[in-house]
1. Pairs of alpha-carbon atoms within less than 8 angstrom and 6+ residues apart define the contacts here; what relative contact order does the chain have, in percent?
2. Quick one: work out the % antiparallel among DSSP beta bridges in region 3-114, nearest 5.
3. Pulled fully out, how much extra length does the chain show between residue 104 and residue 36, if you take 0.36 nm times their separation in residues and subtract their Cα-Cα distance?
4. Quote to one decimal, in nm, the extra length available between residue 22 and residue 10 on full extension: 0.36 nm per residue of separation minus the C-alpha distance between them.
């Protein structure tokens, strides 16, 4: 079982993602706001999924902070949006999952990243 950390401020989307990944055999920890590298290091997720448009903070900024920190830089990060496609250029994410990516494809992407470590 792999541990996922989902940062999503929309409760309906967060619940959908939790349902998807728990039914695919993953342990899911959820949050609705940015998390520090120290807190993430304590959780030790195999993959982090960050909402591209968090309230008050851009998901790409959260990703950049995590990738710049020694504690969390090796944890795979997926920038996710259920409502729009995400520009790839300039992000430090390991993968991008915009609205055109279906849930099965997202589940496969998470599986691939979780088991590469």
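What follows is calculated from the coordinates using simple rules that are stated; it is not laboratory data. In this text, all values refer to a predicted model and were calculated from it rather than measured experimentally.
1. Values: 193 pairs, mean separation 27.8, N = 117.
This gives 24 percent for the chain.
2. Details: 2 of 18 bridges.
Antiparallel: roughly 10 percent of the beta bridges in region 3-114.
3. Values: separation 68, 0.36 × 68 = 24.48 nm, distance 2.93 nm.
That pair, residue 104 and residue 36, stretches by 21.6 nm at full extension.
4. Numbers: separation 12, 0.36 × 12 = 4.32 nm, distance 1.80 nm.
Stretched fully, the residue 22-residue 10 segment lengthens by 2.5 nm.
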